1. Would you mind listing the distances between the residue B:26 label point and the same position in each other copy? Use 7 Å along Cα-to-C-beta, nm, one decimal, shortest first.
2. Between the label point of residue B:14 and that of the same position in each other copy, find the distances and list them shortest first in nm, with every label point placed 7 Å from Cα along the Cα-to-C-beta direction.
3. Tell me the distances, shortest first, between residue B:44 and the same position across the other copies, using label points 7 Å along Cα→Cβ, in nm to one decimal.
4. Simple spin-label model, 7 Å along Cα-to-Cβ: residue B:42 to residue B:16 in nm?
5. Under the rule a/c < 1.5 gives rounded, and otherwise a/b versus b/c splits prolate from oblate, where does the range A:16-79 land using the Cα gyration tensor?
6. Residue by residue through B:69-77, how many Cβ atoms from other chains fall within 10 Å of the Cβ on average?
7. What residue in chain B has the Cβ closest to the axis turning B into A, and how close is it in whole Å?
DNA sequence: GTAATTTATAGCACAAATGCTATAACATTA
DNA sequence: TAATGTTATAGCATTTGTGCTATAAATTAC
């Protein structure tokens, strides 16, 4: 019988950016009103993979994100467009 | 004795986006005048990993790119900013 | 031109991403 | 509340990313 800790993979990425990415993906997907399954189909990924990304279970590869962006018909930068708020103090940054 | 083909890993990503990303990374790195080694140090990645990314030998993970962006002191979107020319005609695009 | 620096390769070990399949949990609606 | 649709989990097999170490190749400085 495994403990909870043992049940989890050791994940070493620990990126809060991945949470933001997941949020952004969910947002874009719901804006476009498509299901995870549909997105999986369009991106030629699997449903489980889309779900794992949105629930921050994994640290996806760059080409996976390219596929998703293409499937969503957005630029890759749009998928990552959440750091634009609060990184460079150039603009007044809310 | 292995043939050339056998010597190569089967790579399934085949993303031309990764080539662009590699170019962009090289560009940013040389603009900032830092070596691969210095970037590796700052991003807490290895030299070999930086080299593999710049020579498109691998398909890096998202969190690896976050680390690199941070080490270069640019927004993650800047690292992916090569599709911005010619995807959405909405804004006047720089 | 040779020494020093920088970049590219290589192989190994290990952790993790991905596909596949099945199922559970949750939400929506008839 | 059932049925249907959607999202989340789970385990396994396989491929691949990453660190580590060493070395080769290329570039730059002297």
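No value in this document is a laboratory result; all are computed from the given coordinates. Here the structure is a predicted model, which is why all the values come from computation and not from measurement. Cβ sites come from the backbone with ideal geometry, for glycine too, and all protein chains shown count toward neighbours.
1. Listed shortest first, these distances are 4.0 nm.
2. List, nearest first: 3.8 nm.
3. 3.6
4. Rounded to a tenth, the inter-label distance reads 3.1 nm.
5. Details: a/c = 1.26, a/b = 1.14, b/c = 1.11.
Rounded.
6. Details: counts 4, 3, 0, 0, 2, 3, 9, 11, 11.
For this peptide, the per-residue mean of nearby foreign Cβ atoms is 5.
7. Of all Cβ atoms in B, the one closest to the rotation axis yields B:77, 2.
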